[in-house]
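Below is one structure, written out as structure tokens; the observations come after it.
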Amino acid sequence: MDRREALRLMGAASVFSVLSSDMFAATLRAQLAANEAGTLRTLSPAQNEIVAAMSDIMIPATGTPGAKAAKG
């Protein structure tokens, strides 16, 4: 990650901390819609699989869906 990307992320984090969770969710949905192809921008496919496996261990399926089932 370069400095510009880091500054952009820090700026977004400071703005999102002030906004409501509904506004944050709407913004996130808009960003996901803009990336229609679903291409990974940060992680490689192998890294993404590792993160998905780790998140499913942290949030396993019980009476409700686990992390893998709730990804979308």
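The values are calculated or read from the model by the stated rules, or taken from the named source; none is laboratory data. The structure presented is a predicted model; accordingly, all values stated were derived computationally and were not measured. A quick note on method: Cβ atoms are made from the backbone with ideal geometry, for glycine too, and the neighbour counts reach across all protein chains shown. Please note that ligands, DNA and RNA were not included when accessible areas were found on the heavy atoms of the full protein model with its side chains. Shrake-Rupley method; radii C 1.70, N 1.55, O 1.52, S 1.80 Å.
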Neighbours by Cβ (under 8 Å, 6+ apart or cross-chain): first from segment 30-47, within 19 Å of Asp2 (Cβ to Cβ); second modelled with pLDDT under 80 and open to solvent by less than 90 Å² (accessible area, probe 1.4 Å): Arg41/Asn35
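Residues checked against (1) assigned to a loop (DSSP other than H, G, I, E, B); (2) more than 15 Å from the chain's Cα centre (by Cα); (3) modelled with pLDDT of 80 or more; (4) among the hydroxyl-bearing types (Ser, Thr, Tyr):
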position: Leu7; (1), (2), (3), (4): no, yes, yes, no
position: Val15; (1), (2), (3), (4): no, yes, no, no
position: Glu36; (1), (2), (3), (4): yes, no, no, no
position: Thr39; (1), (2), (3), (4): yes, no, no, yes
position: Ala46; (1), (2), (3), (4): no, yes, yes, no
position: Glu49; (1), (2), (3), (4): no, no, yes, no
position: Thr62; (1), (2), (3), (4): yes, yes, yes, yes
position: Gly66; (1), (2), (3), (4): yes, yes, yes, no
